[in-house]
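Read through the structure below, which is laid out as structure tokens, and then see the notes.
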Amino acid sequence: MQQLKWIERKFNFGYTPEYLPLYIERLRSTAPRIEELVRNLSDEQASFMPEGKWSVKQHIGHLTDLEELHEGRLEDFLAHKNPLRAADMNNKKTEDADHNKRSLPELIREFRASREKFIEQTGRFSEAQLQFRSFHPRLQVEINVIDLLHFVAEHDLFHQLHIRNIINA
């Protein structure tokens, strides 16, 4: 079965602050899950680009590349900006990064550090700030911080599935 494209995904939002611990835990679990997936891969396997598409290393690097966007969106929420900043749908940062020249441990270490920074930033929000809604430019809906965390967690899972599919191919 072919995986649904990210830009075709639909989401249900409206999460309340009580969901914060759940999504924090999901976001914390991404790096360990990826480590488990790639623990037996050689550098060559991790750099392999099936049909010219992203390698395992590029998927991991991409997750790190997007942490800047996620952190920026948290800043947007704190500043009550509307709309939220837009993503680069061409993924220029990932395309230009040459993640395949880096080691898996380095890529995972960098992702883990950037993710922890993102998670720490969520601690700056009061309950009222968690509920402030702003317009998400690609999804064309208003979301709150918890919805953003849900979105990021789903994006993580999307790339974990790609990594698994590359490994199993």
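Every read-out reported here was derived from the displayed coordinates using simple, explicitly stated rules and does not represent laboratory data. All of these numbers come straight from a predicted model, not from anything done at the bench. Reconstructed Cβ throughout: ideal geometry from the backbone, glycine too, with neighbour counts over all protein chains shown.
Data table
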| read-out | value |
| --- | --- |
| Axial C-alpha extent at least 20 Å, average Kyte-Doolittle at least -1.0 - helices from the chain (DSSP) | 56-78, 104-122, 145-168 |
| Cα-centred dipole magnitude for the range 1-45, charges only on beta-carbon of K, R (+1) and D, E (-1), debye, nearest 20 | 240 debye |
| Residue among 107, 23, 166 farthest towards the positive dipole end of the chain, charges placed on Cβ | 166 |
| Pair residue 36, residue 95: separation of 7 Å Cα→Cβ label points (nm) | 3.4 nm |
| Entries in 5/81; 53/92; 53/117; 10/53; 10/81; 5/92 that, when Cα-Cα distance is taken, lie over 20 Å | 5/81; 53/117; 10/53; 10/81 |
| The chain - convex hull of the alpha-carbon atoms, volume per residue in Å³ | 113 Å³ |
| The range 86-94 - phi-based ³J(HN,Hα) in whole Hz, Karplus 6.51/-1.76/1.60, Gly and Pro as x | 8, 7, 7, 6, 8, 6, 4, 4, 5 |
| Distance in nm between pseudo-label sites at residue 53 and residue 154 (7 Å out along the Cβ direction from Cα) | 1.9 nm |
| Charged-residue dipole, Cβ positions (Lys, Arg, Asp, Glu), the chain about Cα centre, Debye nearest 20 | 200 debye |
| Computed over the range 4-95: relative contact order in percent, which uses C-alpha pairs under 8 Å that are six or more apart | 15 percent |
